[in-house]
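Peer 1: First the structure, which I've put down as structure tokens, then a few questions once you've had a look.
The values are calculated or read from the model by the stated rules, or taken from the named source; none is laboratory data. Note that this is a predicted model, so its numbers are computed, not measured. We place every Cβ from the backbone using ideal geometry, glycine too, and count neighbours over all the protein chains shown. What goes into the accessible areas is simple: the full protein's heavy atoms, side chains included, and nothing from ligands, DNA or RNA. Shrake-Rupley method; radii C 1.70, N 1.55, O 1.52, S 1.80 Å.
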Amino acid sequence: CFATVRIMPCGDSITYDNDSSNSGDPSSVRDGYRSHLWYALQAGGYDVNFVGSVVAGEAVIPPFDPDNEGHPGWRDDEIASNIYNWLVSTPADIILLHIGTNALDSNPQDVNNILDEIDRYETDYSAHVKVLLARIINRMSYSATTTLFNDNVEDMAIDRIAAGDDIVMVDMEDGAGINYSTDMTD
């Protein structure tokens, strides 16, 4: 028997919902990738609990766990300023971090700051948190800045992994099977 794994989906509108054109829709139907991941984890027999201070998607059918830290329009520095307190309030074993789309530049420092805050939480609470860190989704019209940002985030993460951080890079830019001409509206 295994303990329930607490997963914090964390990021901006890509975490909160998958379609910015739905901005008038109530939060109860906003689900992003989270519902699909939840269904896949349940089908695989995994016992998971999505955690976070935001509830969005609770009216989606079939139902899924709607808790998350998806914040539409938020920048990576805003996530860095809040992640520690979110972890204190809703501890996670795994964080799914997809951030950097808003106010995009090539500098990975704010993502590094997020990871520093996660490390601070781990030290203060004698906890272990695995971070699945995304190379963020590129834009419908290709953005070289997004690729440069992703390369810089990955280089920074490789250094942190070598120093002992439990980070797994996830390639949402090229390795997710996304067809940018048909799958993306946000």
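Peer 1: Which one is modelled with the highest pLDDT among residues in the stretch 20-43 that are open to solvent by less than 60 Å² (accessible area, probe 1.4 Å) and assigned to a loop (DSSP other than H, G, I, E, B)?
Peer 2: The selected residue is 31.
Peer 1: Counting just the residues of the stretch 55-78 that are in a loop (DSSP other than H, G, I, E, B), on the phi < 0 side of the Ramachandran plot and in contact with a Pro (Cβ under 6 Å, 6 or more places away or on another chain), which one comes out most open to solvent (accessible area, probe 1.4 Å)?
Peer 2: Step one: list which residues in the stretch 55-78 are in a loop (DSSP other than H, G, I, E, B), which gives 56-66, 71-75.
The next check asks that each one be on the phi < 0 side of the Ramachandran plot; those that pass are 56, 58-66, 71-72, 74-75.
Keeping just the survivors that are in contact with a Pro (Cβ under 6 Å, 6 or more places away or on another chain) gives 56, 58.
Values: 56: 0, 58: 95 Å².
My answer is 58.
Peer 1: So in the stretch 143-162, with the set limited to residues that are touching a residue at least 40 places away in the same chain (Cβ under 8 Å) and surrounded by fewer than 15 Cβ atoms within 10 Å (Cβ to Cβ), which one is nearest to residue 115 (Cα to Cα)?
Peer 2: The selected residue is 155.
Peer 1: Could you tell me which of the residues 94, 14 is under 12 Å from the mean Cα position of the chain (by Cα), aliphatic (A, V, I, L, M) and under 23 Å from residue 119 (Cβ atoms)?
Peer 2: Checking each option against the conditions leaves just 94.
Peer 1: Take the residues of the stretch 119-150 that are modelled with pLDDT of 95 or more and among the aromatic types (Phe, Trp, Tyr): which is nearest to residue 168 (Cα to Cα)?
Peer 2: Here the residue is 149.
Peer 1: Also, quick follow-up: Being closer than 20 Å to residue 160 by Cβ, open to solvent by 30 Å² or more (accessible area, probe 1.4 Å) and β-branched (Val, Ile, Thr) is the filter here; which residues of the stretch 81-113 pass it?
Peer 2: 94 - this is the single residue of the stretch 81-113 that is closer than 20 Å to residue 160 by Cβ, open to solvent by 30 Å² or more (accessible area, probe 1.4 Å) and β-branched (Val, Ile, Thr).
Peer 1: Could you count how many residues in the stretch 44-54 are of a type outside the set (Ser, Thr, Tyr), surrounded by 14 or more Cβ atoms within 10 Å (Cβ to Cβ) and on the phi < 0 side of the Ramachandran plot? Steps first, answer last, please.
Peer 2: The initial filter retains those residues of the stretch 44-54 that are of a type outside the set (Ser, Thr, Tyr), namely 44-45, 47-52, 54.
Still in the running and surrounded by 14 or more Cβ atoms within 10 Å (Cβ to Cβ): 48-52, 54.
Pick out the ones that are also on the phi < 0 side of the Ramachandran plot and you get 48-51, 54.
Residues flagged as of a type outside the set (Ser, Thr, Tyr), surrounded by 14 or more Cβ atoms within 10 Å (Cβ to Cβ) and on the phi < 0 side of the Ramachandran plot within the stretch 44-54 amount to 5.
Peer 1: Please go through the stretch 88-118 and pick out each residue that is closer than 18 Å to residue 168 by Cβ, part of a helix (DSSP H, G or I) and touching a Lys or Arg at 6+ places or on another chain (Cβ under 9 Å).
Peer 2: Within the stretch 88-118, 112, 115 meet the criteria.
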